[in-house]
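Asks: Structure below; questions to follow.
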Amino acid sequence: MEKKQKKQQNYLHSDFYIRRIHSLLGIIPIGIFLCFHLFMNSSAIIGVEAWAAVIDGMRSIPFVIVAEIGIIAIPFIFHIVYGLYIVYFSKMNMKYQYYRNWMFILQRITAIITTIFVIEHVVFVRIMTASTMDVMTAMAHVVQTPLGFVLELIGVWASVFHFSNGIFTFLITWGILQGERLQKLFSILTMLLCAGMFLWTLIILIRIAMMPI
Amino acid sequence: MEQEYFILNIRRQNDPHSSSYWEEFHIPYKPNMNVISSLMYIQKHPVNAEGKRVNPVVFECNCYEEVCGACTMVINGRPRQACSALIDKFIDKEGIEKPIIIEPLSKFPTVRDLMVDRKKLFDGLKKAKTWIPVDGSFALGRGPRYDEKKRAYSYLLSRCMTCGCCAEACPNFNEKSDFIGPHVFPQVQRLNINPLGEMQKDERLKAIMAHGGIQGCGNAQNCAKVCPMHIPILKSLAELNFDVNIYALKKIIKW
Ligand code: HEM
């Protein structure tokens, strides 16, 4: 009996570690991947050829599927599944009109938008494509319709917001932002990062929309 | 002619199991009233806005000076103490015609009307072992000296009256989750920096890493906004986040 109770306690103890892993995965590797992904696809700003060359390069990495599953898919699935569980257990209350309460609510709304966006993006741009040309047309055809462009933009905004605000909460979760003024500073810095990443991606998407594909 | 009474709109409930209902009361205006004195008026004249005699509204109060926390309720959407909720301020801001909305704290079981059972708050403190075990069979002599800086910080943390405002405003403290509540962390940190309490620091860290512990915080930070004592909850929480992470790392490398 006592042993069983102890075992149960140990099991319950583990949710601290799971939550910390969830937090860590948001930055390493998912956040880093997001930055890397935007950076690689910035080649679209230069032009069709540069973009095609980069996608070709990515596609030609040997055993890239191993990295895709091990470094991206598994951490992502963990973060999403446990993330949805976290969203379920919070009782958002818009009655409190405080800045950080809004950020808390947005972090959860963007979590859900990002889940949908990422699934859509992976299915249509990664799984259902067989060549570099396929990848480029899949992206171009979405952003070349006004509705597609707007939906893509919402998905991108959700992802970069969730990531930027996530950096702020990550730094609290890990006990780094302790002082009130430091928290304020990082609150501003992370939102500047969000705006920067959003504008950067907007330019990429506009360039893709203008491509003759 | 100007209206000579103000209006309280109160969410009432007859017993823990029945559903709540709203009832309005008109209170003759006098200067310098607060929500407690208005509720006391209702006890003396339990007549609702329709002129019907009803059961007086049940509420709790004790100190009348915002240090005991007993009269905590939700007033115009914000958890606070009824004794420091001044009627003149509401009237200045919104006018005398606008009803003042009064509800019991929503995160705790209602006993009756505005009276709630805040046991969950004390359960949280017990789980986190927020005490210093010094009882024994012989005198231990003088305790160690208190570093002045730590003492000053500890004083800020010690002003908590366990009123429940922070827990009420916390999105992660609710019936679905087992989160022990924001009020626990300032008390854990207060004892962890105490020269005597420091000796059981690891025990408290372990306690707040258990199910429902510090990991349940989602950084909405409403707790600090509504705290009537302006306790540095966020600072103590971030410090404890650091400490539990170090503690966890130590445990992992010594596994
Ligand atoms: C672009 C992809 C994503 C990135 C870069 C990312 C990154 C992050 C980061 C850095 C955090 C902060 C962790 C912390 O506060 O300790 C976080 C939190 C969170 N993420 Fe994500 N995330 C992504 C996608 C998702 C998705 C698809 C979900 C779907 C459910 C999700 C759910 C959550 C939730 C609920 C939190 C809040 C956790 C908390 O308050 O403790 N995330 N994310």
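Let's see how each residue does on (1) surrounded by 13 or more Cβ atoms within 10 Å (Cβ to Cβ); (2) free of Cβ contacts under 8 Å to residues at least 24 places away in the same chain; (3) out of contact with any helix residue (DSSP H, G or I) (no Cβ under 8 Å at 6 or more places or on another chain):
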{"position": "B:G69", "(1), (2), (3)": "yes, no, yes"}
{"position": "B:K93", "(1), (2), (3)": "no, yes, yes"}
{"position": "B:L140", "(1), (2), (3)": "no, yes, yes"}
{"position": "B:K149", "(1), (2), (3)": "no, yes, yes"}
{"position": "B:Y155", "(1), (2), (3)": "no, yes, yes"}
{"position": "B:C165", "(1), (2), (3)": "yes, no, no"}
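Asks: The conditions are (1) near the ligand (Cβ under 10 Å from one of its atoms); (2) in a helix (DSSP H, G or I), and A:R100 fails exactly one of them. Which is it?
Replies: Of (1) near the ligand (Cβ under 10 Å from one of its atoms); (2) in a helix (DSSP H, G or I), only one is false for A:R100: (1).
Asks: Which ones in segment A:23-41 are more than 10 Å from the ligand (Cβ to nearest atom) and open to solvent by 60 Å² or more (accessible area, probe 1.4 Å)?
Replies: Those that are more than 10 Å from the ligand (Cβ to nearest atom) and open to solvent by 60 Å² or more (accessible area, probe 1.4 Å): A:F36, A:F39.
Asks: Residues that are of a type in the set (A, V, I, L, M) and within 13 Å of chain A (Cβ to nearest Cβ): which helices (runs of 4 or more DSSP H) entirely in segment B:142-255 hold 1 or more of them?
Replies: Values: elements: B:148-158, B:165-169, B:184-192, B:201-208, B:222-226, B:233-253.
Those helices (runs of 4 or more DSSP H) span B:148-158, B:165-169, B:201-208, B:222-226, B:233-253.
Asks: In segment A:85-107, which residue that is out of contact with any helix residue (DSSP H, G or I) (no Cβ under 7 Å at 6 or more places or on another chain) and within 24 Å of B:H211 (Cα to Cα) is most open to solvent (accessible area, probe 1.4 Å)? Please lay out each step first, then the result.
Replies: Step one: filter segment A:85-107 for residues out of contact with any helix residue (DSSP H, G or I) (no Cβ under 7 Å at 6 or more places or on another chain), giving A:85-86, A:88-89, A:91, A:93, A:95, A:97, A:99-100, A:102, A:104-105.
Restricting the remaining residues to those that are within 24 Å of B:H211 (Cα to Cα) gives A:85-86, A:88-89, A:91, A:93, A:104-105.
Details: A:Y85: 106, A:I86: 19, A:Y88: 132, A:F89: 54, A:K91: 81, A:N93: 51, A:F104: 6, A:I105: 2 Å².
My answer is A:Y88.
Asks: Condition check: within 16 Å of the ligand (Cβ to nearest atom), within 14 Å of chain B (Cβ to nearest Cβ) and in contact with a Lys or Arg (Cβ under 7 Å, 6 or more places away or on another chain). Does A:Q183 satisfy that? Write out each step before concluding.
Replies: Working: within 16 Å of the ligand (Cβ to nearest atom): yes; within 14 Å of chain B (Cβ to nearest Cβ): yes; in contact with a Lys or Arg (Cβ under 7 Å, 6 or more places away or on another chain): no.
The answer is no for A:Q183.
Asks: With respect to the numbered conditions (1) near the ligand (Cβ under 10 Å from one of its atoms); (2) open to solvent by 20 Å² or more (accessible area, probe 1.4 Å); (3) of a type outside the set (V, I, T); (4) touching a residue at least 60 places away in the same chain (Cβ under 8 Å), which one is the sole condition not fulfilled by A:Q144?
Replies: If we test A:Q144 against (1) near the ligand (Cβ under 10 Å from one of its atoms); (2) open to solvent by 20 Å² or more (accessible area, probe 1.4 Å); (3) of a type outside the set (V, I, T); (4) touching a residue at least 60 places away in the same chain (Cβ under 8 Å), just (1) comes out false.
Condition check ((1) touching a residue at least 60 places away in the same chain (Cβ under 8 Å); (2) more than 11 Å from the ligand (Cβ to nearest atom); (3) at the interface with chain B (Cβ under 10 Å from one of its Cβ atoms)) across all residues:
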position: A:A53; (1), (2), (3): no, yes, no
position: A:D56; (1), (2), (3): yes, yes, no
position: A:I61; (1), (2), (3): no, yes, no
position: A:I65; (1), (2), (3): no, yes, no
position: A:A73; (1), (2), (3): no, yes, no
position: A:I80; (1), (2), (3): no, no, no
position: A:V87; (1), (2), (3): no, no, yes
position: A:M92; (1), (2), (3): no, yes, yes
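Asks: Now a separate question. Looking for whichever is modelled with pLDDT of 95 or more and closer than 16 Å to B:L237 by Cα here; the options are A:L182, A:L189, A:L199. Which one fits?
Replies: A:L182
Asks: While we're here: Among the residues of segment B:218-228, is there at least one that is over 24 Å from B:P133 (Cα atoms), in contact (Cβ under 8 Å) with a residue 40 or more places away in the chain, crowded, with 19+ Cβ neighbours inside 10 Å and touching a Leu at 6+ places or on another chain (Cβ under 9 Å)?
Replies: There is at least one residue in segment B:218-228 that is over 24 Å from B:P133 (Cα atoms), in contact (Cβ under 8 Å) with a residue 40 or more places away in the chain, crowded, with 19+ Cβ neighbours inside 10 Å and touching a Leu at 6+ places or on another chain (Cβ under 9 Å).
Asks: Out of curiosity, is A:V118 part of a helix (DSSP H, G or I), under 14 Å from the mean Cα position of the chain (by Cα), over 20 Å from A:I18 (Cα atoms) and within 16 Å of the ligand (Cβ to nearest atom)? Break it down into steps so the answer makes sense when it comes.
Replies: Values: part of a helix (DSSP H, G or I): yes; under 14 Å from the mean Cα position of the chain (by Cα): yes; over 20 Å from A:I18 (Cα atoms): yes; within 16 Å of the ligand (Cβ to nearest atom): yes.
Yes; evaluated as a whole, the condition is true for this residue.
Asks: State which residue pairs qualify: first residue closer than 13 Å to B:L234 by Cβ and inside segment A:163-176, second residue near the ligand (Cβ under 8 Å from one of its atoms) and open to solvent by 10 Å² or more (accessible area, probe 1.4 Å) in any location, beta carbons under 6 Å apart, and separation of 6 or more residues or different chains.
Replies: Sorted first by the residue in segment A:163-176, then by its partner, the pairs are A:T169/B:N219; A:I172/B:N219; A:T173/A:S23.
The values are calculated or read from the model by the stated rules, or taken from the named source; none is laboratory data. Please read all numbers here as calculations on a predicted model, not as lab measurements. A quick note on method: Cβ atoms are made from the backbone with ideal geometry, for glycine too, and the neighbour counts reach across all protein chains shown. Calculation scope for accessible area: heavy atoms of the full protein, side chains included, ligands and nucleic acids excluded. Shrake-Rupley method; radii C 1.70, N 1.55, O 1.52, S 1.80 Å.
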